[in-house]
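Participant: Before I ask anything, let me first share the structure, which is written out below as structure tokens.
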Amino acid sequence: MTAVHGLALLLCVPGFAALALAMERHQEDLFKAPLSPARTKLLRLAGWALLLLALVLLVRTRGWSLGLVSFSGHTSFAAGVVFLALIGTERWRLRRAAPRGAR
């Protein structure tokens with residue numbers, strides 16, 4: 001059962017990362033310019049597909065009741081990981097951009 005949880009997390013984290021990168025705000029923060037509409041749409045589609053795949057995996061292995069509960073937990077954890085990664089990336093970027101004496 002642990003392998004199922006690990007696989008679900010390996011689907012949810014990149015799924016939320018793709019959904020975050022589909023947002024123009026995060027694109028500008030990370031890439032300094034928005035991505036093309038086609039790439040944004042592809043990221044959004046990939047993100048939802050990965051989350052749907054995780055949902056199917058959990059429901060098929062744990063049943064509807066525990067599968068949905070597990071999916072809720074996995075998505076919450078994955079969203080938190082992506083959120084913290086975005087914050088950490090921004091802080092790291094700002095720290096590197098600051099003059100050496102200002103640290």
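The values are calculated or read from the model by the stated rules, or taken from the named source; none is laboratory data. Since we're looking at a predicted model, the values are computed, not measured. In this analysis, Cβ positions are derived from the backbone assuming ideal geometry, glycine residues included, and neighbour counts consider all displayed protein chains.
Participant: Quick one: how many residues across region 43-58 are out of contact with any Phe, Trp or Tyr (no Cβ under 8 Å at 6 or more places or on another chain) and either without any contact (Cβ under 8 Å) to a residue 40 or more places away in the chain or among the hydroxyl-bearing types (Ser, Thr, Tyr) (or both)?
Facilitator: Here the count works out to 9.
Participant: Let me ask you something else. I'd like the full set of residues that are among the β-branched types (Val, Ile, Thr) and closer than 13 Å to LEU51 by Cα, limited to region 1-31.
Facilitator: Residue satisfying the conditions is VAL13 alone.
Participant: Restricting attention to region 1-53, and to residues there that are part of a helix (DSSP H, G or I) and among the basic types (Lys, Arg), which single residue is surrounded by the most Cβ atoms within 10 Å (Cβ to Cβ)?
Facilitator: Here the residue is ARG44.
Participant: Next question. Please specify each residue of region 10-29 satisfying the condition of being over 14 Å from THR61 (Cβ atoms) and of a type in the set (A, V, I, L, M, F, W, C). Don't jump to the end; show me each part of the working.
Facilitator: Going residue by residue through region 10-29, those that are over 14 Å from THR61 (Cβ atoms) are 10, 12-29.
Hits for region 10-29 are LEU10, CYS12, VAL13, PHE16, ALA17, ALA18, LEU19, ALA20, LEU21, ALA22, MET23.
Participant: Still on this structure: If you take the residues of region 55-103 that are of a type in the set (S, T, N, Q) and under 18 Å from LEU9 (Cα atoms), which of them is farthest from the chain's Cα centre (by Cα)?
Facilitator: Checking each candidate, the answer is THR61.
Participant: So in region 77-98, with the set limited to residues that are within 17 Å of GLU28 (Cα to Cα) and aromatic (Phe, Trp, Tyr), which one is surrounded by the fewest Cβ atoms within 10 Å (Cβ to Cβ)?
Facilitator: Applying the filter and picking the extreme gives TRP92.
Participant: Scan region 4-42 for residues that are in contact (Cβ under 8 Å) with a residue 12 or more places away in the chain and under 11 Å from the mean Cα position of the chain (by Cα) and report the count.
Facilitator: Qualifying residue count for the region: 13.
Participant: Note down all Cβ pairs under 9 Å where the first residue falls in region 83-96 and is at pLDDT below 90, the second is loosely packed, with under 10 Cβ neighbours inside 10 Å, and they're at least six residues apart or on different chains.
Facilitator: Within 9 Å, the pairs are ARG95/ARG103.
Participant: LEU58 fails exactly one of the following numbered conditions: (1) assigned to a helix (DSSP H, G or I); (2) surrounded by fewer than 17 Cβ atoms within 10 Å (Cβ to Cβ). What is the number of that condition?
Facilitator: (2)
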